[in-house]
Amino acid sequence: MASSSQSTEKVQNAKLWSESAPSPVPSQNDVSEARASSLPPLDLNKIEVRMNGLEGLSNGWKSLPDQVKVRFEEKYGRIATLMRVKVQIPALKAILSVWNPKYGVFSFNDIDMVPTVEEYQALLGIPYSLQNQIYLHLEHRQTWKRLTHLLGIPSEEAKSKEIVKGNTHGWYWTYLQKWLDQYLQEKQWDQASVILALGIYGLILFPGPLGIITCNAVEVFWTVERQGINPIPAILAETLLTLTYCRRQGKGSIKCCSQLLYLWIVSHICPVETKGLTWYLDQPPIERMTRLVISPKNEQQWWERILSFNSHNYCWRKLWMSGQPVLIGTGGNQSVSLIGVTGYTSYTPALVMRQFGSTQSVINIEEYHQGHFYHELKEEEGLKMARKSWENITLMERSPKGPSASGDYLKWRTDRDREHSTVEFKDSNPLRDVLLEETNDHLDDSLRKANTENSQLQEQIKQLEGQQQKLKRKIRRLKEEARAERMGFEEQEVQWEKERSSFQAEIKEVKVQNSKLREKMKYQEVLVEEYKQENKKKKLELKGQAQLINDILEECAKERKEKEKQTALYQELKENVGQLERTIARGKQELLPEFEYALKAFDPTKQEERLYEYLRRCHLIIKNLPEPRPI
């Protein structure tokens, strides 16, 4: 098979994205039925993988409190986990080399595979309220108004900061990051979460030119934030569109959510690395997969890893996939319509039924329709029809039997691959030719083994048909027995109906009593609330009275101290008065006789009259002094 020739093709490491504008997209409807032989040679040296720097986003995410991160994931899913994914660019370039643009699948050996809506949804876990509504791309009109409403920034500023780069309109992430830092500093967590989510949509899920949040990304985010649509089909559409474009051109830029595509790749072709992971139903698979340790490989090593798988050892179904029904068509067709920010495409689940655990059979080529176009063609009616097709979706229950393929399919696919070479390389490589022969021999052996297994299965089918006849006879007998038991069951059912009616009446009565009890409880709650208010008032009154008592006691204590002080002063004064009175009495006893004697002996004729008058007055004063009172 020609697709195996890429396993030894040597190429250099992936180039970094330049700031130049991306390669122009075709300007005509690309619903091509051309064979892969008309595809140009794939030059992996001219394949670039565009990835934005995420340091600002990561720092903003780390600044959010844990409870805010929980609310973020409940609202937007696990998109923030993509910031931790370390993408090996050679893996994306290697898987591109096996992309079959005609059928829209990765095709190698006897395997066809493609990312599906269910797998991307299981990884990201994005909640959405409208299951059958997808993104519809229309002409952008004043997207800056929506940015203003989303982020709460001034409208004039948002309009003036809008930039134009080639055909791309948008805003530099550095401008929006300033608002993010401001909201984080002010602890406006809701607004900060919205800017973080928009940054992830613009830098990871729908990347444009480096460092720019495009108007396309804002429009998708607006429909998710305000309308609750499912963005997974748009994300998947960008993945398939960029793969088809690069493969048809033989060069170009992979512009899609590279982190998500890389996780999907390693989940299918790295069984050894993922085997050690333990999957829990309540733990998101993307959280576990970010912890995978995969040694760096170049394109050749990834090719060898890819081409080492066949339908027997390939990991078809993932343990982390739920058992919910899968989408196998929209609008009554076998394909699932997808609308992205750059164009329309679709994928056909009927080609990859083994991914759903079912039997892969030959599809009807006449009903098969794989097409895509780009938005620059302004196919607005076609986009509306594609969106309307989601109103009529076809679901299929997952098969518990496991993946398998019919013999007709193996032959059909072998013939298809002979007509359809998936890869051509410019340079020749002798070692590649040797490996090509070895791979073809290996494929021939696989085909012979498959035919042998098919013969064995035919024998088993004959044996099973015989067993089927026996089972039919047994079923008829069991039906007769079941009919007799059903008569008894009908009588029992009548009795159960009577009991059920009785139970319903009792339940109704209990509900009435419960309603009364609830009303009573509400009334009691009102009484309790009133009692609490009254108790609160009484507490305040008691508190005031207690304060008043404390003030009175303090005043009494002050008065008691003052009284004790006055008592001490009174005692001291009393002692002083007593001492003074005793002194006066003693002086009276001693001076009075002398004054009386002096007066009697005084001769006025000899002395001056004035001195006599003085002595007489002193005598009267001393004489009239009060007698000392008893103390």
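Here, each number is a calculation from the coordinates, and none is a lab measurement. It should be emphasised that the depicted structure is a prediction, and the values quoted were computed from it without experimental measurement. Here the Cβ is made from the backbone with ideal geometry for all residues, glycine too, and neighbour counts use every protein chain on show.
Ranked by how many other Cβ atoms sit within 10 Å of their own Cβ, fewest first, the residues 380, 506 fall in the order 506, 380. Which entries of 93/411; 145/178; 251/297 show an alpha-carbon separation above 25 angstrom in the structure shown? Flagged as over cut-off: 93/411. This ranking places 540, 351, 410 by how few other beta-carbon atoms lie within 10 Å of each, fewest first, which gives 540, 410, 351.
For residue 491, the shell of other residues with beta-carbons less than 12 Å away shows a net charge of -2, using +1 for Lys and Arg and -1 for Asp and Glu. Overall, the ratio between the Cα radius of gyration of the range 291-338 and 2.2 N^0.38 Å, rounded to two decimals, is 1.72. Extension gain, residue 449 to residue 492: 0.36 nm times the residue separation minus the Cα-Cα distance gives 9.8 nm.
For 353, 385, what ranking results if the residue with the fewest other Cβ atoms within 10 Å of its Cβ goes first? Mind dumping the intermediate values first?
Values: 353 23, 385 13.
Going from sparsest to densest Cβ surroundings: 385, 353.
Counting Lys and Arg as +1 and Asp and Glu as -1 over every other residue whose Cβ lies under 14 Å from the Cβ of residue 516, the net charge comes to +3.
How would you classify the range 461-623 from its alpha-carbon gyration tensor, with a ≥ b ≥ c the square roots of the eigenvalues: rounded for a/c under 1.5, else prolate if a/b is greater than b/c, otherwise oblate? Don't skip to the end; give the middle numbers.
Working: a/c = 11.94, a/b = 6.53, b/c = 1.83.
Prolate.
Can you give the convex hull volume of the alpha carbon atoms of the range 121-280 per residue, in Å³?
Details: hull volume 25.5 nm³, N = 160.
Residue-normalised Cα hull volume stands at 160 Å³.
Of all alpha-carbon pairs in the range 317-360, indicate the percentage at a distance above 13 angstrom. Here the tail beyond 13 Å accounts for 61 percent of pairs. Ranking 592, 531, 577 by how far each Cα lies toward the positive end of the dipole of the range 461-623 (charges on Cβ) leaves 531 at the top.
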